[in-house]
């Protein structure tokens, strides 16, 4: 059993949180838009509290890395994970891993986005996950999972994704959507100078 799967089993018993925004004052930062096969997801990033993770993620977005990737791991009571594999389940090239930024004051609450990694705390590269429930046990400083942003619009799409039937193909694909959920494009929307006036309701992962 992998390190992250063990954590998944420990937190997946939590009841889904009400689909409400976190209420956290959104720190101005980049906004990334995912156009998926099930709809659009807009994510605001926190470059103040998670500068390393934000810069890394934006670099992958700008390079087109996420275009044509899939959400390859879905656990409906835990999270949805993507950013590493194409539609043929081939892993995409990735850059050097980054330093863990867990314990930065941002929490693995429903609707937040965090970096996926292996059991090595400093192993995150391109893969990310979106929490579909409050997964606060993932927050632990020094060994947790670094949150670096929050879904601003599209938690209804996230909830569609988490509800997809899955199949077990082994390895990284034990919770693979039976019908591929594709990130068609990922693009940088803006520098985030003005937060949206009314974000839509918001509804571990490893490389």
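Worth a mention:
- Normalised contact order of the range 37-142, rounded percent, pairs of Cα under 8 Å and 6 or more residues apart: 26 percent
- Ranked 87, 112, 77, criterion: other C-beta atoms within 10 Å, fewest first: 87, 77, 112
- Stretch gain in nm, segment residue 89-residue 35, where the contour uses 0.36 nm per residue and the Cα spacing is subtracted: 17.5 nm
- Ranked list, fewest to most other Cβ atoms within 10 Å of each Cβ, for 120, 159: 120, 159
Bear in mind that the values in this text are calculations on the coordinates, not laboratory data. No experiment lies behind these values; they were computed from the predicted model shown. Please note: Cβ atoms are built from the backbone with ideal geometry, for glycine as well, and neighbour counts cover all protein chains shown.
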